[in-house]
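Novice: Mind looking over this structure? Questions follow.
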Amino acid sequence: MHLLGRTDVIAGRTDAVQETAALFDMFCHYLVLECDHFASGNTFRWAADQPRWRGVWEPCLGYAQDDFFFNPFGRMRFSYA
């Protein structure tokens, strides 16, 4: 997502792999196409019948600043709200 000028997305430990993958897909589309800024602590769900997730911003750790995978925009960590 850093190549698009947006935060990366990660999730806390969850057994709901398909649901988390759908969250990432829908949220990234939302972030790029509709939302100019998603504030830390906001919640997101892509449909009324889906669970609500809370996104909390954190810095991108684990990569050197000159590493291709480093995201200067940080990352949004999602957990169930």
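Novice: Got a number for residues in segment 4-21 being in a loop (DSSP other than H, G, I, E, B) and small (Gly, Ala, Ser)?
Specialist: 3
Novice: Do you know which residues across segment 22-61 are under 14 Å from MET76 (Cα atoms), among the small types (Gly, Ala, Ser) and not in a strand (DSSP E or B)?
Specialist: Selection gives ALA39, SER40, GLY41.
Novice: Something else now. Which members of segment 1-25 meet the condition of being of a type in the set (A, V, I, L, M) and buried (at least 16 other Cβ atoms within 10 Å of the Cβ)?
Specialist: Listed by number, the residues that qualify are MET1, VAL9, ALA11, LEU23.
Novice: Consider TRP53 carefully, then state whether it is under 14 Å from the mean Cα position of the chain (by Cα), more than 18 Å from MET1 (Cα to Cα), surrounded by 13 or more Cβ atoms within 10 Å (Cβ to Cβ) and hydrophobic (A, V, I, L, M, F, W, C).
Specialist: So TRP53 passes the test.
Novice: How many residues are exposed (fewer than 10 other Cβ atoms within 10 Å of the Cβ) and either charged (D, E, K, R) or on the phi > 0 side of the Ramachandran plot (or both) when one looks only at segment 56-77?
Specialist: Residues flagged as exposed (fewer than 10 other Cβ atoms within 10 Å of the Cβ) and either charged (D, E, K, R) or on the phi > 0 side of the Ramachandran plot (or both) within segment 56-77 amount to 2.
Per-residue answers, yes or no, for (1) touching a Gly at 6+ places or on another chain (Cβ under 9 Å); (2) hydrophobic (A, V, I, L, M, F, W, C):
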position	(1), (2)
ALA16	no, yes
ALA22	no, yes
ASP25	no, no
LEU31	no, yes
GLU34	no, no
ALA39	yes, yes
PRO51	no, no
PHE69	yes, yes
GLY74	no, no
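Throughout, read-outs are computed from the coordinates displayed, never taken from laboratory work. All figures in this text were calculated on a predicted structure; none of them were measured in a lab. Heads up, the Cβs are rebuilt from the backbone with ideal geometry, glycines too, and the neighbour counts pull from every protein chain shown.
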